[in-house]
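Working notes, beginning with the structure itself.
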Amino acid sequence: AASDEKGSGPSMVAPGKFKILLVGPSRSGKSGVANFLGGLTDSLDLENHTPTAACRIVEVERDIPGRGHVSAELWDVSGNPQYEGCWPAIRKDVSATVLCFNAADDAQLHMLENWHAAFVLESKLPKSKCLVLANYGSEATAKPALPHKLRGIPVVPCNLETPAAIRDGLDDLLSRI
């Protein structure tokens, strides 16, 4: 696990668990993804918005082919910049990062570079430990053209009809960390 703080106290992650950050602008579907992957809802809700205060953690258990049973903490990070002061603590001991954005909003695609810099580059994570979720809500999906700095990171286009794509994307990410 990468860390931006060297030897600064105990790990915030339980032993044997991966810490995966879900980051991106407000209204990008992070909480809906976390709720779905954590089994808190039976269906994928990418359109209803309840702002997250700072960060919340959702536990996930998955069986990964070739790896076996895997436990992870999904850290659903608020998209509100007022919580930026919390980011160094949130980044500590991160295993992987999922960058989420609302693909119907061009401004959010451009904001991804800032989220990438703040969470991926600051944590010194390789692209292999990252994933981009392009949330299309109820619209048809397509792989978006990512900003240059994000090219090489796997992209999962998703909408309300493709919840399995999100699970598969998480499983693929867990197999790489």
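Okay, here's what the table says:
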| read-out | value |
| --- | --- |
| The chain - accessible surface per residue (Å², probe 1.4 Å) | 47 Å² |
| Among (i) 15.9, 51; (ii) 14.9, 46; (iii) 17.1, 61, the entry derived from the coordinates for Rg and Dmax of the Cα atoms in Å | (ii) |
| Percent RCO, i.e. relative contact order, over the chain, from Cα pairs under 8 Å lying at least 6 residues apart | 26 percent |
| Cα centre as origin, Lys/Arg/Asp/Glu Cβ charges: segment 105-164 dipole, Debye | 420 debye |
| Carbon/sulfur fraction of accessible area - the chain, other protein chains in place, 1.4 Å, % | 51 percent |
| Estimated distance in nm for a label pair at E113 and T41, the labels positioned 7 Å out from Cα along Cα-to-Cβ | 3.2 nm |
| Highest-fluctuation residue, R56, R67, R167 considered, GNM on the chain with Cα pairs under 10 Å | R67 |
| Within straight-line cross-link reach of K17, lysines at Cα separation under 19 Å, skipping those fewer than 8 residues along the same chain | K92, K129 |
| DSSP beta bridges in segment 50-177 [antiparallel fraction, %, rounded to 5] | 50 percent |
| Sum of -39500 (n - 2.57) over DSSP H runs of 4+, divided by residues of the chain (222 nm, nearest 500) | -6000 deg cm²/dmol |
| Where R27, R176, R91 fall by accessible area, highest first, once all protein chains stay in place (1.4 Å) | R27, R176, R91 |
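The values are calculated or read from the model by the stated rules, or taken from the named source; none is laboratory data. It should be emphasised that the depicted structure is a prediction, and the values quoted were computed from it without experimental measurement. Positions of Cβ are backbone-derived with ideal geometry, glycine not excepted, and every protein chain shown enters the neighbour counts. Please note that ligands, DNA and RNA were not included when accessible areas were found on the heavy atoms of the full protein model with its side chains. Shrake-Rupley method; radii C 1.70, N 1.55, O 1.52, S 1.80 Å.
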